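> Please find one structure pasted underneath; my questions will follow.
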Amino acid sequence: MTLPEQGLSRDEIVAALADHRSRDLPSDGRAFAFVYDAGEELRALSRETFGAFMGVNGLDPTVYPSARLIENQVVSACLELVQAPEGACGTATAGGTESVMLAVKSARDFMRRAKGITKPKMLLPETAHACFHKAAAYLGVEVVVVDVDETFRAIPADARAKMDDDVVLVVGSAPSYAHGVIDPIPELAALAQEHGVLMHVDACVGGWVLPFLRDVGLDVPPFDFAVEGVTSLSMDLHKYGFAPKGVSALIQRRRELRDAQYYACARWSGYSIVNSTTLGSKSIAAMAASLAVMSHLGKVGYRANAKRMWDATQTLLAAIETIPGLRLLAKPDMNLFAMTSEGDVFELADRLTERGWLVQPTYAFGRSPAHIHFTIDPGNAGRVDAFIADLRACAADLPPPAAPPAQVLALLSQLGDGAPAGLDSGALMASLGITNGQLPTRAATIHRLLDAAPPEVREKLLILFVGELFS
């Protein structure tokens, strides 16, 4: 596209954008990843509220008082849900990654002042979200990986063995994204408290479901501020809070920890700034939509959705246990989980795709074998019986896992040291069947290649792929 000399009409613009949108993943209950949808009524309320607040900038809440009022109301609801104590506070962010990055920044800066730590480390379970590694890379914090057990939960004894005087933060998940299990938060928090360091709970995916599952009678493992030693917690509202992208919250036990998250600068010739998040200009639109959705659903609505999703999860788990060749990796604590197969799990994913379902193939790493990830939301909860019938059919007569072509693996192995001179990334993508930024309908061959490649090669290939998308 080039900027037109004469502006287009409203109808032309809307039609062109609608055409773009038609290619996107629909919210029709047939996706088991990426979608957190509670129905058209809430989507319509979100659109209306989002539009009304598009021009509000949280950069300066003295100019836009609604920004302060909305954020305080959103954070207040979060504080209540996660049993935050008196004196706790929080910040609305643009997403889970930003919440996590700010939690790591808080730990780094607070412990630098409190203990003089200049080479900070964090104890991070193998199953923790990739955004912690991103935060470590951006903020100069060393990752010390904590092993997990056969249920994919962090092993406190391994964390204890790896604790040293440079650790500033211990991390646990509630739950981990891949397997849907909650780490032993009380034991990890006790270790952090014993050594005088901070403890962050990543409840980005669970923070807006686990409290309501607890309300409807599920025995939820302790994970929030009721656990002594938990000093911060992240929770996304654009997941199971059913808000539009992107809004999350970072909750801190004490105000001094939140102060360490802030950034202020008066050392330039323009206006003095103070930012509560990594952003300067800060959209309030998604935050306002989140407040509207929360207010409309109320606790009763969230409880009903939580129970519906949990019941659908149990139905699907029970079915998987009866299908020959399929196996759960762990019994989940929430409505997301991982399943693998004795046959080719990537072929299984392709067969499901051909029947109109979207699932998330995931590669082997550490203890976790190649698997398919499932996220249950209110939309797909209503289609579980139909999905089970297709899953049973697709899992029949799966071939054994196939080895990727040796010559392609040899080419990919060169990426471990960077792209070879003269590598045509577009041609490489085309050879894998990737055209116009889209994976082929049958993507098992690509998934097998990535699964066979070491992580550093996967990372280089992903960078080449994204670079090609935006070249």
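Condition check ((1) small (Gly, Ala, Ser); (2) touching a strand residue (DSSP E or B) at 6+ places or on another chain (Cβ under 6 Å)) across all residues:
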residue	(1), (2)
Asn335	no, no
Glu342	no, no
Val359	no, yes
Ala364	yes, no
Pro369	no, yes
Asp377	no, no
Asn380	no, no
Asp390	no, no
Ala395	yes, yes
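> Might you let me know whether segment 192-207 holds any residue that is β-branched (Val, Ile, Thr), more than 19 Å from Leu124 (Cα to Cα) and in contact (Cβ under 8 Å) with a residue 24 or more places away in the chain?
no
> Out of Ala312, Ala288, Ala306, which single residue is surrounded by 21 or more Cβ atoms within 10 Å (Cβ to Cβ) and more than 21 Å from Gly379 (Cβ to Cβ)?
Going through Ala312, Ala288, Ala306 in turn, the sole match is Ala288.
> Now a separate question. Condition test on Lys299, is it basic (Lys, Arg) and within 23 Å of the chain's Cα centre (by Cα)? Reasoning before the result, please.
Working: basic (Lys, Arg): yes; within 23 Å of the chain's Cα centre (by Cα): no.
Against the criterion (basic (Lys, Arg) and within 23 Å of the chain's Cα centre (by Cα)), Lys299 does not qualify.
> Same structure again: Identify the residue in segment 256-285 that is more than 20 Å from Ala103 (Cβ to Cβ) and hydrophobic (A, V, I, L, M, F, W, C) and, among all such residues, is modelled with the lowest pLDDT.
Only one residue tops the list, namely Ile273.
> Filter segment 53-76 down to the residues that are under 23 Å from Glu256 (Cβ atoms), out of contact with any Lys or Arg (no Cβ under 8 Å at 6 or more places or on another chain) and buried (at least 17 other Cβ atoms within 10 Å of the Cβ) and list them by number.
Across segment 53-76, the qualifying residues are Glu71, Val74, Val75.
> Residue by residue through segment 219-249, note down the ones that are among the small types (Gly, Ala, Ser) and out of contact with any strand residue (DSSP E or B) (no Cβ under 6 Å at 6 or more places or on another chain).
Those that are among the small types (Gly, Ala, Ser) and out of contact with any strand residue (DSSP E or B) (no Cβ under 6 Å at 6 or more places or on another chain): Ala226, Gly241, Ala243, Gly246.
> Related question: Output yes when any residue across segment 131-153 is hydroxyl-bearing (Ser, Thr, Tyr) and within 22 Å of Leu257 (Cβ to Cβ), and no when none is.
Scanning segment 131-153 turns up at least one residue that is hydroxyl-bearing (Ser, Thr, Tyr) and within 22 Å of Leu257 (Cβ to Cβ).
> Output the number of residues of segment 149-162 satisfying the condition of being touching a Lys or Arg at 6+ places or on another chain (Cβ under 9 Å) and crowded, with 18+ Cβ neighbours inside 10 Å.
The total comes to 1.
> Given Gly433, Gly467, which one is within 24 Å of the chain's Cα centre (by Cα) and at pLDDT below 85? Lay out the reasoning, then the answer.
Values: Gly433 fails: within 24 Å of the chain's Cα centre (by Cα).
The unique qualifying residue is Gly467.
> Give the number of residues within segment 358-392 that are part of a strand (DSSP E or B) and either of a type outside the set (S, T, N, Q) or closer than 27 Å to Arg43 by Cα (or both).
So the count comes out to 9.
> Suppose we filter Ala135, Ala114 for residues that are more than 17 Å from Glu194 (Cα to Cα) and hydrophobic (A, V, I, L, M, F, W, C); which single one remains?
Every option except Ala135 fails the conditions.
The values are calculated or read from the model by the stated rules, or taken from the named source; none is laboratory data. Treat the numbers as computed from the prediction; the structure is a model and nothing was measured. In this analysis, Cβ positions are derived from the backbone assuming ideal geometry, glycine residues included, and neighbour counts consider all displayed protein chains.
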